[in-house]
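Q: Here it is: the structure, laid out below.
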Amino acid sequence: MKLFSYTLGLMASAFSPTVAMTANLQPQQEQKDKHPNVILIVADDLGYGDLSCYGAHRLQTPGMDRIANEGIRFTQGFCTAATSTPSRYSVMTGKYPWSNVDAKILPGNAALIIDTQKITFPKLMKQAGYVTGSVGKWHIGLGDGNVDWNKEVSPGAAEIGYDYSFIQAATNDRVPCVFLENGKVVGLDPNDPLYVNYRKNFPGEPTGKNNPELLRMHPSVGHAGSIVNGVPRIGFQKGGKAAQWKDEEMAELFLNKAKQFVNINKEKSFFLYYGLHQPHVPRVPNERFVGKSGMGPRGDAILEADWCVSEFLKELDKLGLTENTIVIFTSDNGPVLDDGYKDQAEELVGDHKIAGPLRGGKTSMFDGGTRIPFMLRWPAQVKPQVSDAFICQMDLLASFAALLGQTYPDQLDSENTLDAFLGKSQEGRKELVIEGMFNYAYRQGDWALIPPYYNPYSKEDGEFIGLGYGYKLYNLKEDISQQNNLAEKYPELLGKLINRFEYLKGH
Ligand code: NG6
Ligand code: CA
């Protein structure tokens, strides 16, 4: 019932006779009378312990902290998966990642994995009258699997509901290292066409493996493909030289595109998905941030990301949009130190805890993999607070549908937890299945269950992910670091959780 009243409240203010009859409304007043703008900022591999508002001491993140200080900081915000593609797939579709076998870390030439006939988060926002935009990291596939990068790439952002897009196809470390604006590679010279291949190199093209003398950053594992901007990548690309990105300019470019989108659409209600590319590898921040953290490129990239957030929030201030804009800040999966480049992340981390008190990190079924920073600010409606509600990014779709009075025919895993997102209730989800690298774990209330899985990796790597013999059962309220396996102590509870997990996962 409460949810219903939000919707009515918004509709009432939008259509009330006083509003309709008042000519020459002041900009601030107009802002109040339309649907709130919605901005979803998703960092790439930023950890629960990487922000000063989540307890980091050696890194100061005043830009990100501002959202927490002026809004809600969630202590139990989750993504559905500990890697990017499945996690982002859930945000966009409102479905668990296993609903699509292709929702696994994608190469840069993978086809779009989202069904263009089904509801998506941006489509829902469009349905509610919003102008929609996507800037930055994408990584849910583009085209039909046989893309000609020299033509318009489709289906892509437009087909899943974005009116505007300025994106990178996959990750910083994957070809093609170019940007696409509304489906077209930016700055491409038709006389130097771009080709991409993930199986074999193009004859005569240097690679990280064969030409280490050309590298300014060296791989620790993998990343043996094409060299772009002095950095070896995954996959091979040839041509398209004029369109190749410069890693050190990427942050400001995405920031400017995000600012441009809100400037152009400031009179309307808009939805912007702003995917920060930091601190994913390769970590190549602008020279203004180099050496600033004392923790090497990973720390510097976080400071750069923080600057982007800070500048972006200032732009909202300048445009008078702060009050009635919902800004959500989160990360697509947990953090990692060495993710394939020798960038001294491990050597220089010192006592900084990238996942805070949580166990594991990126790829892990322990909480460090999927419990991520999550903050929401909406000055017009939401009081600053810290919330322990159990929330998940996948639920944004159903919750915003409730807020905006929208319905959709599709059966989704997304649940309406709007009250929790808006800080009006501490009750979020009751349960969630989470994906590690390939395997699944289960959370219900304060309990986390990790089933037994075969470990094909080293003992240490497997333990990090949560693989190994026997069930693991943790009480997160008492044991946030998941050190104390209670599986043997509570056999009955264990049985119930296993049944429920298997039932959910089987559907
Ligand atoms: C892994 C890459 C890692 C990173 C990850 C995707 C190697 C050895 N590792 O395969 O560097 O790119 O994929 O990260 O190549 S994600 O955040 O986009 O899921
Ligand atoms: Ca990621």
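Q: Got a sec? Which of F289, F236 is more than 16 Å from ligand 1 (Cβ to nearest atom) and either buried (at least 17 other Cβ atoms within 10 Å of the Cβ) or under 28 Å from L124 (Cα atoms) (or both)?
A: F289
Q: Something else: Look at the range 406-421 and say how many of its residues are open to solvent by 10 Å² or more (accessible area, probe 1.4 Å) and either of a type in the set (A, V, I, L, M) or over 28 Å from N100 (Cα atoms) (or both).
A: 2
Q: Residues being at positive phi and either within 24 Å of the chain's Cα centre (by Cα) or surrounded by 14 or more Cβ atoms within 10 Å (Cβ to Cβ) (or both): count how many of those fall in the range 188-230.
A: Qualifying residue count, the range 188-230: 3.
Q: Does H277 count as more than 23 Å from A158 (Cβ to Cβ) and open to solvent by less than 50 Å² (accessible area, probe 1.4 Å)?
A: no
Q: Still on this structure, I have one more. All but one of (1) among the charged types (D, E, K, R); (2) surrounded by fewer than 24 Cβ atoms within 10 Å (Cβ to Cβ); (3) within 16 Å of ligand 1 (Cβ to nearest atom) hold for K362, so report the exception by its number.
A: Unmet for K362, out of (1) among the charged types (D, E, K, R); (2) surrounded by fewer than 24 Cβ atoms within 10 Å (Cβ to Cβ); (3) within 16 Å of ligand 1 (Cβ to nearest atom): (2).
Q: Conditions first: (1) at negative phi; (2) surrounded by fewer than 22 Cβ atoms within 10 Å (Cβ to Cβ). G55 passes all but one, so which condition is the exception?
A: That leaves (1) as the condition not met.
Q: Between P176, P107, P122, which is surrounded by fewer than 22 Cβ atoms within 10 Å (Cβ to Cβ) and modelled with pLDDT of 95 or more?
A: Exactly one residue qualifies, and that residue is P107.
Q: For E152, which of the numbered conditions (1) more than 16 Å from ligand 1 (Cβ to nearest atom); (2) crowded, with 16+ Cβ neighbours inside 10 Å; (3) not in a strand (DSSP E or B) fails to hold?
A: Single failed check for E152: (2).
Q: Scanning for something under 28 Å from L348 (Cβ atoms), within 16 Å of ligand 1 (Cβ to nearest atom), part of a strand (DSSP E or B) and at pLDDT 95 or above, does the range 45-65 turn up at least one residue?
A: No, the range 45-65 has no match at all.
Q: Answer with yes or no whether G340 is in contact (Cβ under 8 Å) with a residue 40 or more places away in the chain, within 16 Å of ligand 2 (Cβ to nearest atom) and over 22 Å from R371 (Cβ atoms).
A: Spelling it out, G340 is indeed in contact (Cβ under 8 Å) with a residue 40 or more places away in the chain, within 16 Å of ligand 2 (Cβ to nearest atom) and over 22 Å from R371 (Cβ atoms).
Q: Separate question: Collect the residues in the range 372-401 that are more than 27 Å from L46 (Cα to Cα) and either open to solvent by 20 Å² or more (accessible area, probe 1.4 Å) or touching a Ser or Thr at 6+ places or on another chain (Cβ under 6 Å) (or both), keeping them in residue-number order.
A: A380, Q381
Q: What is the one condition in (1) open to solvent by less than 20 Å² (accessible area, probe 1.4 Å); (2) in a loop (DSSP other than H, G, I, E, B) that G369 does not satisfy?
A: Failing condition for G369: (2).
Q: Another question, then. Out of the residues in the range 314-342 meeting the condition of being within 16 Å of ligand 1 (Cβ to nearest atom), in a loop (DSSP other than H, G, I, E, B) and open to solvent by less than 10 Å² (accessible area, probe 1.4 Å), tell me which one is farthest from A68 (Cα to Cα).
A: G340
The values are calculated or read from the model by the stated rules, or taken from the named source; none is laboratory data. Bear in mind that the values here come from a model prediction, so they are computed numbers and not experimental data. Here the Cβ is made from the backbone with ideal geometry for all residues, glycine too, and neighbour counts use every protein chain on show. Ligands, DNA and RNA are stripped out before the accessible areas are found, and what is left, the full protein with its side chains, is counted by its heavy atoms. Shrake-Rupley method; radii C 1.70, N 1.55, O 1.52, S 1.80 Å.
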